[in-house]
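Each remark here refers to the structure printed beneath this line.
The values are calculated or read from the model by the stated rules, or taken from the named source; none is laboratory data. Keep in mind it's a predicted model, so treat the numbers as computed, not measured. Glycine gets a Cβ as well: all are built from the backbone with ideal geometry, and neighbour counts include every protein chain shown. Areas reflect the complete protein model, heavy atoms only, side chains present, ligands, DNA and RNA absent. Shrake-Rupley method; radii C 1.70, N 1.55, O 1.52, S 1.80 Å.
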Amino acid sequence: QTVVYPFTWVGLRFFAHIRILGKENLEGHTRGAIFAVNHLSELDPILVPATLNLFSPLMPMFYTARERFFYEKKGLMQYFYGGTFFKLWGAYTVYVGMGDLALSLKHHIRILEKGKSVCIFPEGGKIPEGVIIEGKTGVAYLLWRTGVPVVPVAMRGHYKMTSQEFFSRRRTITVSYGKSITKEELFGSRSNSSVPPTREELRTATHVVMSRIREM
C-alpha cells in the first residue's frame, strides 16, 4: 500500500473526479478502526487507503477476503483474486460456514487487537449503486469483541465504471466517511459482558451500521 499510494493518489485525482467527504470524522483516531464500506467495485479496496493520509494512524489497511476457491478466476487473474496480490495488499481470509465468528474472523480480531485497521464489506459482495442491503454480522461481532470503533463509509459513482469512463473523467467518485460508532452505542449495557451477543443482537447492531451507510 505504501509503495503504490503515490500512484493511486495521483491517478485518482488526475483521471477521476473524486470527492472525499467527512474526513473530519476521522480526526482523533490514534489507533486503527473498523471501516464498514458498501461494495460497488473492485476499486473499493484501493479507494479507501488512497483517500486517507499515508501517515495516518489508521494506515495501513487490512481486509476481509473469502477463501481462494470462492473467486474462481483463471489465468493471471487467479493471482489477483484471492492470490498473491490479495496477500500483498493485506487481505486475510474469513472462514465461512464455521458457525463460530471467533474462528471465522480470527485473523481480523488479532489485527484489530494490535491497533491496526480492518476494512470490511458487510454486504458480502458487489451491490448496485443506490441499494444498501442488510449486512452480515461479522462487522458487529468485531466491534463487540475488540471494542474498536466502526467507521461507516459510503461510496458512489463508480458502479460498473469502464476504463474508458475512468480515463476520460466521465464519472464523479464520492467517498464519504461517517462518525465513528462505538461499542457502547450499539450494545449498551451488554458492552462489558463476557457473554457473546445473541444472533438477534448482532443483526440489530449490523442494521444500525448499514443504516448509517444508507443515510450517507
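Overview of results
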quantity	calculated
Count of the stretch 46-87 residues which are farther than 18 Å from HIS107 by Cα and either modelled with pLDDT of 55 or more or touching a helix residue (DSSP H, G or I) at 6+ places or on another chain (Cβ under 9 Å) (or both)	19
From the options SER211, SER189, residue that is in a helix (DSSP H, G or I), within 21 Å of the chain's Cα centre (by Cα) and of a type in the set (S, T, N, Q)	SER211
Members of the stretch 193-216 that are aliphatic (A, V, I, L, M) and under 19 Å from GLY99 (Cα atoms)	VAL195, LEU202, ALA205
Residue under evaluation THR30, criteria (1) open to solvent by less than 30 Å² (accessible area, probe 1.4 Å); (2) free of Cβ contacts under 8 Å to residues at least 40 places away in the same chain; (3) in contact with a Pro (Cβ under 6 Å, 6 or more places away or on another chain), criterion not met	(1)
Pick from the stretch 121-158, criterion in a helix (DSSP H, G or I) and hydrophobic (A, V, I, L, M, F, W, C), ranking: surrounded by the most Cβ atoms within 10 Å (Cβ to Cβ)	ALA140
Subset of the stretch 89-106 (residues that are of a type outside the set (A, V, I, L, M), assigned to a helix (DSSP H, G or I) and either closer than 16 Å to GLY147 by Cα or open to solvent by 50 Å² or more (accessible area, probe 1.4 Å) (or both))	LYS106
Qualifying residue in the stretch 163-174 (condition: within 23 Å of LYS23 (Cα to Cα), buried (at least 20 other Cβ atoms within 10 Å of the Cβ) and among the aliphatic types (A, V, I, L, M))	yes
Meets criteria (part of a loop (DSSP other than H, G, I, E, B), under 13 Å from the mean Cα position of the chain (by Cα) and not hydrophobic (A, V, I, L, M, F, W, C)) for SER41	yes
Selection count, the stretch 194-216, where residues are among the hydroxyl-bearing types (Ser, Thr, Tyr) and open to solvent by less than 40 Å² (accessible area, probe 1.4 Å)	2
Residues of the stretch 139-166 that turn out to be in contact with a helix residue (DSSP H, G or I) (Cβ under 9 Å, 6 or more places away or on another chain) and not hydrophobic (A, V, I, L, M, F, W, C), as a count	7
Pick from the stretch 16-37, criterion modelled with pLDDT of 95 or more and in a loop (DSSP other than H, G, I, E, B), ranking: nearest to TRP89 (Cα to Cα)	ALA33
Search result, residues across the stretch 175-186 that are open to solvent by 30 Å² or more (accessible area, probe 1.4 Å) and assigned to a loop (DSSP other than H, G, I, E, B)	LYS179, SER180, THR182
